[in-house]
Amino acid sequence: CGTTSLLPMTPKKPQQWLQVVGHAGLSHFPFASQRVLFWFKKYISVACFLSSLVSTGSFHVGDYGTLLKRFCEGEQQCYLRLMEDTLKPFVPAYHGVVQRDEQDYNMMDNLLTHFNTPAVMDCKMGSRTYLERELLLAKERPQPRNDMYEKMVAVDPEAPTVQERTQQAVLKTGFYYNAVTCLFPVQKSNEECHTNFKRTKSRDQVMAAFNNFVESNTHIVWGYLRRLKELRQVLEESVFFRTHEVRHLDLLFIYWSGSSLLFLHDWKGRTGVWMIDFGKTAALPAHLSLDHRTPWVEGNREDGYLWGLDNLIDILSNMLPL
Ligand code: ATP
Ligand code: MG
Ligand code: MG
């Protein structure tokens with residue numbers, strides 16, 4: 001579900017264009033391959049991809065400050081449940097399905113509507129880098145991947161083991177266990193999208209990246225921190241969150257998917273954080289529930305979302321004066 005598109009920021013301001021960045025899917029591989037991946041082993045992994053001006057018609061601006069996203073049934077189911085959940089204030093309001101040129105779209109609030117030329121950051125958290133279904137496949141047919149090896153070395157030349165170095169390849173099953181992922185396509189107001197977070201690995205570097213995003217404005221940091229703490233409290237109680245697996249990376253290095261946090265602030269000091277993109281979020285079997293903090297081991301389906309959020313909150317707290 002979802003791709004990339006260019007669309008007007010709000011219906012009221014037809015001159016302004018917002019770049020909506022999403023995964024382009026395998027059929028748009030040349031675009032997807034432009035993405036740059038990097039990670040933090042201990043705290044937060046950051047990845048971001050080039051926001052090409054690819055218009056695939058997956059997003060449109062709807063009437064009255066709404067956004068239309070190409071229909072995906074799984075995402076619709078999530079939004080319908082979210083509208084009944086305590087998480088409702090933390091996701092865009094959902095308004096049902098509409099049709100345009102014979103294509104169905106999920107209609108939701110355009111979160112940018114209340115901001116004035118906002119700075120935008122799309123951030124994915126979690127500790128699992130691929131679905132357990134993919135792990136099973138990779139185990140059944142273990143194939144050393146040279147492409148992954150090259151990407152791994154480009155990010156961190158020290159990362160491969162001696163054996164991996166000899167083979168010039170890595171197994172998907174041996175890669176990225178328990179990394180916390182966090183995706184940051186950062187777009188500052190009136191600036192191009194920042195994409196080069198390749199070497200942003202340590203906690204200090206993440207802090208520096210955030211600091212750059214908020215331009216050292218502690219008022220903005222306070223706003224984000226307050227909102228993230230509220231979100232954490234609600235997530236810990238949410239039935240939806242407990243009963244859903246928030247998936248992260250579909251095919252490692254090929255395309256990213258999964259729910260993310262959208263950070264928005266503007267020069268007036270307004271801030272907001274929302275959970276978006278539920279195309280890959282799935283309900284768990286009835287007998288299962290997740291706490292999203294327990295470290296992932298094969299089979300437990302934990303995704304480390306709250307662990308990532310704890311780290312983010314800690315990082316932002318440390319950006320404020322004592
Ligand atoms: P991917 O799966 O690759 O992350 P996608 O095609 O599923 O992408 P989304 O992640 O839902 O698309 O959205 C892509 C971008 O569009 C977001 O990073 C955000 O900048 C913007 N966007 C999405 N939903 C909204 C919204 N409700 N209001 C404002 N902007 C939005
Ligand atoms: Mg998506
Ligand atoms: Mg997304």
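The values are calculated or read from the model by the stated rules, or taken from the named source; none is laboratory data. These numbers were taken from a predicted model, which means no experiment stands behind them. FYI the Cβ positions are ideal-geometry reconstructions off the backbone, even for glycines, and counts take in every protein chain you see. These area figures cover heavy atoms from the full protein model, side chains too; ligands, DNA and RNA do not enter into them. Shrake-Rupley method; radii C 1.70, N 1.55, O 1.52, S 1.80 Å.
Residue pairs whose Cβ atoms lie under 6 Å apart, separated by 6 or more positions or on different chains, with the first residue in the range 60-89 and among the charged types (D, E, K, R) and the second assigned to a loop (DSSP other than H, G, I, E, B) and within 16 Å of ligand 3 (Cβ to nearest atom), are R70/S58; E75/C1; E75/F278; E75/G279. Just the residues that are away from ligand 3 (no atom under 16 Å from the Cβ) and not hydrophobic (A, V, I, L, M, F, W, C), please, taken from the range 110-122. Listed by number, the residues that qualify are T113, H114, N116, T117, P118. The requirement of being within 15 Å of the chain's Cα centre (by Cα), within 16 Å of ligand 1 (Cβ to nearest atom) and at pLDDT below 90 is fulfilled nowhere in the range 282-289; no residue meets it.
Would you be able to say whether some residue in the range 219-233 is touching a helix residue (DSSP H, G or I) at 6+ places or on another chain (Cβ under 9 Å) and either within 16 Å of ligand 2 (Cβ to nearest atom) or at pLDDT below 90 (or both)? No, that holds for no residue. Please name all residue pairs, on different chains or six or more residues apart, with Cβ atoms under 6 Å, provided the first residue is in the range 273-300 and is in contact (Cβ under 8 Å) with a residue 24 or more places away in the chain and within 25 Å of V120 (Cα to Cα) and the second residue is aromatic (F, W, Y) and in a strand (DSSP E or B). These pairs meet every condition: V273/F263. Scanning the range 76-93 for residues that are within 13 Å of ligand 1 (Cβ to nearest atom) and either at pLDDT below 95 or within 20 Å of F115 (Cβ to Cβ) (or both) yields F90, V91, P92, A93. The condition of being under 26 Å from Y79 (Cβ atoms), among the charged types (D, E, K, R), at pLDDT below 85 and open to solvent by 50 Å² or more (accessible area, probe 1.4 Å) holds for only one of R270, R301, that being R301. Scanning the range 304-322 for residues that are open to solvent by less than 40 Å² (accessible area, probe 1.4 Å), of a type in the set (S, T, N, Q) and over 22 Å from the mean Cα position of the chain (by Cα) yields nothing.
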